[in-house]
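Below is one structure; the comments refer to it alone.
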Amino acid sequence: MDHKRAEIESRTPEFMAREASKPFGWDAAHFLEWATVTEMLRAVALPAGALVLDVGSGSGWTSLFLAEAGYRVVGYDLVPANVELAGERAARWGASATFEVADMEALPAGEPAGAALLFDALHHSRDQPAVLRAIARRLRPGGWLLLGEPTWLHRVSPGARAASRELGWLERGLTLRGLRADLHDAGFCEVRRFFQPTRPYAGRGRAFAWQLTRLVAANFLVAPQAHLWLAARLP
């Protein structure tokens with residue numbers, strides 16, 4: 001089965017009902033990831049009220065957080081059920097974020113945006129350069145792409161392999177060198193790297209040692225469950 005069709009069809013009514021019924025829906029990792037996005041937004045000095053495209057927005061948590069941060073947000077996702085759920089969440093929050101069904105490899109035309117967020121979505125695409133070119137076409141001159149994706153370790157992740165085997169999803173792991181090359185080819189002229197903090201933990205023994213090991217490894221090489229975080233600017 002085509003991986004895009006598999007993604008759409010895996011969002012069954014039963015699956016989406018479980019997602020919608022969760023009291024909050026996100027765990028500590030989401031807030032660490034949002035903290036990283038917040039630092040990136042601060043570093044690139046994106047002004048309040050700027051239009052931000054949330055590409056591969058999924059069930060909409062990043063879009064809602066961006067809207068709460070004072071940005072105008074349009075979320076794009078391939079899966080109609082995700083767009084519907086994200087819209088329901090936006091209505092529940094009273095958030096201004098809007099959502100549309102779109103393939104990130106061929107985004108629709110629209111108002112040039114000050115920034116785009118591409119979080120945990122690019123690794124589901126078979127055509128990475130096409131996604132980056134599509135985003136570049138939607139950004140204004142000087143606009144920023146904020147990107148957070150799994151490293152090459154994702155290729156051997158048991159969870160990723162299970163999702164690929166059972167659901168038919170495409171689960172790629174990305175390399176820093178490959179991302180930099182494709183960003184350059186898409187027209188981005190400046191690339192900055194950021195690093196995600198560790199997860200909360202209890203105990204000063206093994207838990208602390210594990211998180212310290214992950215933090216050091218992620219800064220110099222790669223670490224399990226750590227993303228590659230890049231901000232890239234158009235001329």
Region 3-233, relative contact order [Cα under 8 Å, separation at least 6], %: 19 percent
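Let's see if you can work this out: charge +1 on each Lys and Arg Cβ, -1 on each Asp and Glu Cβ, no other charges. What is the dipole magnitude of the chain about its Cα centre, in debye to the nearest 20?
Details: 27 positive and 25 negative charges, 169 e Å.
The calculated dipole for the chain is roughly 800 debye.
Quote to one decimal, in nm, the extra length available between Ala29 and Ala6 on full extension: 0.36 nm per residue of separation minus the C-alpha distance between them. Please report the intermediate quantities before stating the final value.
Values: separation 23, 0.36 × 23 = 8.28 nm, distance 2.57 nm.
Between Ala29 and Ala6, full extension yields an extra 5.7 nm.
Around Pro47, what is the net charge, scoring Lys/Arg as +1 and Asp/Glu as -1 over all other residues with Cβ under 13 Å from its Cβ? If you can, show how the numbers build up before the last one.
Working: positive: Arg42, Arg72, Arg140; negative: none.
Net local charge, Pro47 excluded: +3.
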Choice from Thr175, Thr98, Thr213 with maximal GNM fluctuation in the chain (Cα, 10 Å cutoff): Thr213
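Using the Cα centre of region 4-141 as the reference point, and only Cβ charges (+1 on K/R, -1 on D/E), how large is the resulting charge dipole? Debye, rounded to the nearest 20. Provide the component values of the computation, followed by the final result.
On the way: 14 positive and 18 negative charges, 62 e Å.
The calculated dipole for region 4-141 is roughly 300 debye.
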Tyr201 versus Val101: modelled label distance in nm, points set 7 Å from Cα along the beta carbon direction: 4.4 nm
Dipole axis of the chain (+1 Lys, Arg; -1 Asp, Glu on Cβ), positive-most option in Leu234, Pro197, Ser59: Pro197
Three-way shape label, region 93-147, alpha-carbon gyration tensor, a/c 1.5: oblate
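On full extension of the chain, what length is gained from Cys189 through Ala20, given 0.36 nm per residue of separation minus the C-alpha to C-alpha distance? Walk me through the numbers on the way to the answer.
Values: separation 169, 0.36 × 169 = 60.84 nm, distance 4.02 nm.
Full extension of this stretch gives 56.8 nm more.
Compute the signed sum of charges (Lys and Arg +1, Asp and Glu -1) over the other residues within less than 10 Å, Cβ to Cβ, of Ala130.
On the way: positive: Arg126, Arg133; negative: Asp103, Glu105, Asp127, Asp182.
Within the 10 Å Cβ shell, the charges total -2.
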Inverse of mean 1/r across different Cα pairs in the chain, Kirkwood, Å: 18.3 Å
Chymotrypsin sites (Phe, Trp or Tyr not before Pro) within region 1-101, DSSP loop, no more than 11 other Cβ atoms inside 10 Å: Phe24
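None of the figures in this text is laboratory data; all of them are computed from the coordinates on show. Remember, predicted model here, so these are calculated numbers, not experimental data. Virtual Cβ from ideal backbone geometry, glycine too; neighbours counted across all protein chains shown.
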